[in-house]
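Asker: This is the structure I have questions about; it appears just below.
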Amino acid sequence: VTFDRTTVERLMSWPISSASLAAGAILLIGTTVVATFPGRTEAVPQRLPLALFPMEFKGWRGIPQPLDNGSLNVLGLTDYLLADYTNPSGREVPLNFYIAYYASQRSGVHAHSPQLCIPGGGWNILGQSILTFDSTNGGAITANRVVIEKQGVKQIVYYWFEERGRHIAEEGALKYYALRDALVDNRTDGAL
């Protein structure tokens, strides 16, 4: 991109206060210093492997499923659980359950957005909304509800991101907290 003299003069006369400019410069410099501080190692919490996740829960029985090597290489995840749950009573619709865990989401490795992966898998998104569910601990979980269709088969997908103690449905908020937590807490772990 090249700028002629009038373009540069117009940009220099942009209505911005010197206080805003100074605050932006301080924030940029401070962020750079914190992010590149020598000897700063990322904090990764201890956790149990997802292979220990219960395969029986209130009458539901799960069968773990493996991901193929190609998917594992693309996803770059640290740990995962993929299981098909059924209820032997036969009154309930089968449930496919997936968790992708990332111990570190630096260097371009992060949870893949279902907004991209669902259509990438050949599914059409027919509708989407955000719902709030009561949690067993008295709190709430906000999740995306997506209705998808592929070759006449319809499914309902619920998903959210678990990021350092937060349940996040909106991807804009996900990016904000990822940056904030990397700078302030030196953590980037999370899950889908």
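The values are calculated or read from the model by the stated rules, or taken from the named source; none is laboratory data. Remember, predicted model here, so these are calculated numbers, not experimental data. Quick reminder, even Gly has a Cβ in these numbers, built from the backbone with ideal geometry, and neighbours come from all protein chains shown. When the accessible area is computed, the model is the full protein with side chains, heavy atoms only, and any ligands, DNA or RNA have been set aside. Shrake-Rupley method; radii C 1.70, N 1.55, O 1.52, S 1.80 Å.
Asker: Would you mind finding the one in 96, 137 that is of a type in the set (S, T, N, Q) and at pLDDT 90 or above? Lay out the reasoning, then the answer.
Answerer: Numbers: 137 fails: at pLDDT 90 or above.
Exactly one residue qualifies, and that residue is 96.
Asker: Filter region 53-83 down to residues that are assigned to a loop (DSSP other than H, G, I, E, B) and either touching a residue at least 12 places away in the same chain (Cβ under 8 Å) or over 17 Å from residue 95 (Cα atoms) (or both), then give me how many there are.
Answerer: Pass one, region 53-83, residues assigned to a loop (DSSP other than H, G, I, E, B): 53-55, 58-59, 65-68, 76-78.
If we keep only those that are either touching a residue at least 12 places away in the same chain (Cβ under 8 Å) or over 17 Å from residue 95 (Cα atoms) (or both) too, we end up with 53, 55, 59, 65-68, 76-78.
Count: 10.
Asker: Would you kindly identify the strands (runs of 3 or more DSSP E) lying entirely within region 105-162 that contain at least 1 residues that are of a type in the set (Phe, Trp, Tyr) and more than 17 Å from the chain's Cα centre (by Cα)? Can you show your working first?
Answerer: On the way: elements: 124-134, 140-150, 153-159.
In region 105-162, 124-134 are the strands (runs of 3 or more DSSP E) which contain 1 or more residues that are of a type in the set (Phe, Trp, Tyr) and more than 17 Å from the chain's Cα centre (by Cα).
Asker: Right, residue 33: farther than 24 Å from residue 170 by Cα, open to solvent by 80 Å² or more (accessible area, probe 1.4 Å) and modelled with pLDDT under 90 or not? Give the steps one after another, and end with the answer.
Answerer: Working: farther than 24 Å from residue 170 by Cα: yes; open to solvent by 80 Å² or more (accessible area, probe 1.4 Å): yes; modelled with pLDDT under 90: yes.
So residue 33 passes the test.
Asker: Still on this structure: Out of 152, 59, 70, 122, which single residue is at pLDDT 85 or above and in contact with an Asp or Glu (Cβ under 9 Å, 6 or more places away or on another chain)? Walk me through it before giving the result.
Answerer: Numbers: 152 fails: in contact with an Asp or Glu (Cβ under 9 Å, 6 or more places away or on another chain); 70 fails: in contact with an Asp or Glu (Cβ under 9 Å, 6 or more places away or on another chain); 122 fails: in contact with an Asp or Glu (Cβ under 9 Å, 6 or more places away or on another chain).
Sole residue among the options that is at pLDDT 85 or above and in contact with an Asp or Glu (Cβ under 9 Å, 6 or more places away or on another chain): 59.
Asker: Taking residue 191 as the residue in question, decide whether it is surrounded by 15 or more Cβ atoms within 10 Å (Cβ to Cβ) and touching a strand residue (DSSP E or B) at 6+ places or on another chain (Cβ under 9 Å).
Answerer: On the way: surrounded by 15 or more Cβ atoms within 10 Å (Cβ to Cβ): yes; touching a strand residue (DSSP E or B) at 6+ places or on another chain (Cβ under 9 Å): yes.
When the stated conditions are applied, residue 191 passes them.
Asker: Can you name every residue in region 43-95 that is among the acidic types (Asp, Glu) and within 24 Å of residue 109 (Cα to Cα)?
Answerer: Matches in region 43-95: 68, 79.
Asker: Let me ask you something else. Which residue, of 100, 178, is open to solvent by less than 70 Å² (accessible area, probe 1.4 Å), among the aliphatic types (A, V, I, L, M) and in a helix (DSSP H, G or I)? I'd like the intermediate steps shown before the answer.
Answerer: Numbers: 100 fails: in a helix (DSSP H, G or I).
On inspection, the qualifying residue turns out to be 178.
Asker: Collect the residues in region 84-96 that are part of a strand (DSSP E or B) and loosely packed, with under 15 Cβ neighbours inside 10 Å, keeping them in residue-number order.
Answerer: Quick first cut of region 84-96, residues part of a strand (DSSP E or B) only: 84-86, 95-96.
Answer for region 84-96, where residues must be part of a strand (DSSP E or B) and loosely packed, with under 15 Cβ neighbours inside 10 Å: 84, 95, 96.
Asker: Taking the residues in region 163-175 that are outside any strand (DSSP E or B) and among the aliphatic types (A, V, I, L, M) as candidates, determine which candidate is farthest from residue 94 (Cα to Cα). Let's see the steps before the verdict.
Answerer: Start the filter on region 163-175 by keeping residues that are outside any strand (DSSP E or B), which leaves 164-165, 169-175.
Filter once more, keeping what is among the aliphatic types (A, V, I, L, M): 169, 173-174.
Details: 169: 24, 173: 31, 174: 29 Å.
Across region 163-175, the extreme among qualifying residues is 173.
Asker: Going through region 58-78 one residue at a time, which ones are surrounded by 12 or more Cβ atoms within 10 Å (Cβ to Cβ), under 14 Å from residue 97 (Cβ atoms) and not basic (Lys, Arg)?
Answerer: Listed by number, the residues that qualify are 60, 62, 64, 65, 67.
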